[in-house]
Amino acid sequence: MNKLSKTWPRAAILVVDDEPGMLNFLEKTLAPRTTGAVLTAGSAEAAEELLRRHRFDLVILDITLPGKSGIALLKELRERADASEVVLITAFADLDTAIEAVRAGASDFLLKPFRVTQILNIVEQCLERARLKRENWVLKRSLSRRSHDEALIGDSIAIKGLRAALERVARVGSTVLLTGESGTGKELAAQALHRLGPNANAPFVPVNCATMSPALIETELFGQAGWGADGHKSRDGLFVYAQGGTLFLDEVGDLPLALQATLLRVLEDRHIRPVGSEHEIPVDVRIVAATNRPLADEVAAGRFRKDLYYRLQVVEIGLPPLRAHKEDIPQLSAHFIEMLAPRLNLAPIEISADEMRYLQQYDWPGNVRELRNLIERSLIVGALNVSALYQSLARTQGQPVVPRAKLSGPVDLQSLEKRHILAVLESVGGDKQQAAQLLGISKRTLERRFAEWTETGELSRPA
């Protein structure tokens with residue numbers, strides 16, 4: 001492609017030069033090639049005013065300016081964690097100046113006079129470098145997370161309603177609060193909001209507030225200026241990496257109270273202040289937050305700010321638990337088998353009608369995530385591993401994990417219960433008292449079960 005035909009969607013560019021002719025030339029050259037703004041300033045001081053009110057992807061900066069020099073301004077930008085690409089231009093260059101420019105953090109260096117193709121090539125390289133740096137960072141952060149192929153699957157009324165709500169809200173840039181139990185797919189809903197919105201090609205940056213260190217979460221979100229306690233110099237935060245796109249704050253209820261106040265200010269004025277900086281950076285980011293517990297209760301308990309709760313709750317969308325749309329389990333199971341079998345390099349498994357009826361009787365406390373994990377384990381063992389569900393219940397109820405029952409034949413609830421009890425009894429050498437404790441029932445209940453099975457002929461002799 002001819003460089004002259006290159007365009008840079010949404011790229012914001014600042015040109016700083018004391019020559020009106022150069023400002024006019026660069027503005028006319030660059031403005032038609034971006035849907036973002038191209039602003040100009042005749043001095044470092046005028047540029048600083050613009051930098052306080054806007055965030056730029058690229059700054060084209062003359063070295064020789066009245067008052068503060070271009071290199072001095074560049075050093076200040078780097079000290080306050082402004083990660084904009086900076087191209088220095090000058091009519092009076094020597095080797096020492098070039099070395100100083102590189103040390104100050106310049107992305108490139110261009111000698112006046114220059115041709116249109118030269119400046120366009122450099123701008124293209126700088127913006128592409130910035131895009132790749134941001135995408136690589138987001139990709140590294142997302143490698144361990146679920147991908148888009150885990151869509152919101154299902155044809156139930158609940159899931160159809162959820163998809164319709166997401167499609168409506170995606171068209172506007174309002175802040176969204178997603179609520180629902182763990183494992184219901186809140187991050188998938190956030191991804192859907194992003195993909196269906198007008199800025200689908202911009203970054204989607206997820207962050208789990210519950211897993212981030214309280215000591216580092218402010219730096220992670222807002223960035224850092226200068227040298228920090230961890231030995232790192234200036235760096236961008238998640239808000240900057242999500243610029244133009246979506247920042248997904250999962251488990252937002254776990255944010256420390258002090259940081260909740262900071263987040264509220266960011267939502268209100270759309271500026272962030274990196275840790276250690278005296279300057280604010282403007283950001284253009286859509287916030288989607290999620291929680292698995294009622295924030296209204298957290299507000300009442302004094303653990304969450306009421307004003308932040310109402311600011312996040314511009315639009316609230318609740319995700320249904322799997323037990324509320326069990327009719328989607330066959331479709332979800334087929335989807336997970338089709339998706340996971342090639343990834344694991346394993347043969348797909350078949351789920352019989354009896355097995356599917358059992359899956360639809362189970363209440364799925366871990367929701368869709370628990371179903372996905374069951375399918376993955378089943379692919380590994382080569383058959384539907386329904387006994388793992390009892391293992392899951394034992395863990396959630398604080399009971400020791402016991403050996404799995406061997407499965408063959410029908411898998412209705414009564415048969416599975418009997419096999420599970422027998423497996424537990426066998427694992428403790430026939431000690432009914434210990435088996436009852438592991439099962440979470442009384443010994444009398446256990447004895448009654450054996451009596452029923454003996455009476456109906458399900459056991460040939462008392463155990």
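The values are calculated or read from the model by the stated rules, or taken from the named source; none is laboratory data. Bear in mind that the values here come from a model prediction, so they are computed numbers and not experimental data. Cβ: placed from backbone, ideal geometry, glycine included. Neighbour counts: every protein chain shown.
Tell me, which residue of segment 240-263 that is without any contact (Cβ under 8 Å) to a residue 60 or more places away in the chain and among the hydroxyl-bearing types (S, T, Y) is nearest to A289 (Cα to Cα)?
The extreme case among them is T246.
Check segment 71-91 and report whether any residue there is among the hydroxyl-bearing types (S, T, Y), within 22 Å of R103 (Cβ to Cβ) and not assigned by TED's automatic domain parsing to the domain that holds I281.
yes
Out of the residues in segment 233-267 that are polar (S, T, N, Q) and closer than 23 Å to R80 by Cβ, state the one that is surrounded by the most Cβ atoms within 10 Å (Cβ to Cβ).
By that ranking, first place goes to Q243.
Is there a residue in segment 331-346 that is under 30 Å from H54 (Cβ atoms) and of a type in the set (S, T, N, Q)?
Looking for residues that are under 30 Å from H54 (Cβ atoms) and of a type in the set (S, T, N, Q), one finds none in segment 331-346, hence no.
So V275 passes all but one of these: (1) over 18 Å from E48 (Cβ atoms); (2) of a type in the set (V, I, T); (3) out of contact with any Asp or Glu (no Cβ under 6 Å at 6 or more places or on another chain). Which condition number does it fail?
Among (1) over 18 Å from E48 (Cβ atoms); (2) of a type in the set (V, I, T); (3) out of contact with any Asp or Glu (no Cβ under 6 Å at 6 or more places or on another chain), the lone unmet condition for V275 is (3).
Results for (1) in contact with a helix residue (DSSP H, G or I) (Cβ under 7 Å, 6 or more places away or on another chain); (2) at pLDDT 85 or above; (3) assigned to a helix (DSSP H, G or I), shown as yes or no for each residue.
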| residue | (1), (2), (3) |
| --- | --- |
| R146 | yes, no, no |
| E181 | yes, yes, no |
| P198 | no, yes, no |
| W227 | no, no, no |
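Before we move on, is I329 exposed (fewer than 15 other Cβ atoms within 10 Å of the Cβ), part of a helix (DSSP H, G or I) and β-branched (V, I, T)?
Spelling it out, it is not the case that I329 is exposed (fewer than 15 other Cβ atoms within 10 Å of the Cβ), part of a helix (DSSP H, G or I) and β-branched (V, I, T).
Results for (1) touching a Gly at 6+ places or on another chain (Cβ under 9 Å); (2) in contact (Cβ under 8 Å) with a residue 24 or more places away in the chain; (3) of a type in the set (D, E, K, R), shown as yes or no for each residue.
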site	(1), (2), (3)
K28	no, no, yes
S43	yes, yes, no
R53	no, yes, yes
I63	yes, yes, no
K75	yes, yes, yes
R78	yes, yes, yes
F92	no, yes, no
I99	no, no, no
V102	no, no, no
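State whether one or more residues within segment 245-258 are among the small types (G, A, S) and more than 30 Å from L77 (Cα to Cα).
Yes: one or more hits.
Quick check: anything in segment 327-335 of a type in the set (D, E, K, R) and within 24 Å of G180 (Cβ to Cβ)?
Scanning segment 327-335, I find at least one residue that is of a type in the set (D, E, K, R) and within 24 Å of G180 (Cβ to Cβ), so the answer is yes.
If you go through segment 202-229, how many residues are under 13 Å from A242 (Cβ atoms) and in contact (Cβ under 8 Å) with a residue 24 or more places away in the chain?
Residues that pass the stated criteria total 9.
I need the full set of residues from segment 341-367 which are assigned to a loop (DSSP other than H, G, I, E, B), polar (S, T, N, Q) and on the phi > 0 side of the Ramachandran plot, in order please.
Scanning segment 341-367 gives a single hit, N345.
In the set P348, P274, which member is within 30 Å of Q361 (Cβ to Cβ) and in contact (Cβ under 8 Å) with a residue 24 or more places away in the chain?
One residue alone meets the criteria, P348.
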